[in-house]
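Novice: Structure below; questions to follow.
We did not get these values from a lab; they are worked out from the coordinates using the rules stated. Given the structure is predicted, the values throughout are model-derived calculations rather than measurements. When we count neighbours, we look across all protein chains shown, and the Cβ atoms used for this are built from the backbone with ideal geometry, even at glycine.
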Amino acid sequence: MMFSSSVQRFRLIGYAEGISFILLLGIAMPLKYMFDIPLAVTIVGAIHGVLFIIYVLAIMFMHGSNQWWKISHSLLALLASVLPFGPFILDKKILKAHDDSTYSA
């Protein structure tokens, strides 16, 4: 079943948060500042804000419920959340490797 593990669910949340951040920076903000359409930032910014909060809560859940998840993983995930493409890099470096090794055993 897809998204049956906490790692898979965290990966999904990370992708959603990362995509919303890219949409905010790459589409909504240019619409606001280049074409004077501030509604784009209002809508996409609100969606991104909610997803960001969910992402931070998911980091806290991962830290509290997974023995392999270290404080360094939490700090890297928080850093990734404020960098464009950060959640995607985190996914490739840490999460996918752990998720794949879990299911290949």
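Novice: What is the spin-label model distance, in nm, from Leu25 to Leu83 if the labels are put 7 Å beyond Cα along the C-beta direction?
Specialist: 1.0
Novice: Something else: Find how much the distance from Val50 to Ser74 grows on full extension, using 0.36 nm per residue of separation minus their present alpha carbon separation; answer in nm with one decimal.
Specialist: Gain in length upon complete extension: 6.7 nm.
Novice: What does the helix-only formula give at 222 nm for the chain: each DSSP H stretch with n ≥ 4 adding -39500 (n - 2.57), the total divided by the residues, and the result rounded to the nearest 500 deg cm²/dmol?
Specialist: -23000 deg cm²/dmol
Novice: Still on this structure, please answer the following. Based on the Kirkwood radius over alpha-carbon pairs, what value in µm²/s does the Stokes-Einstein equation return for the translational diffusion coefficient of the chain at 37 °C and 0.692 mPa s?
Specialist: Translational diffusion coefficient: 227 µm²/s.
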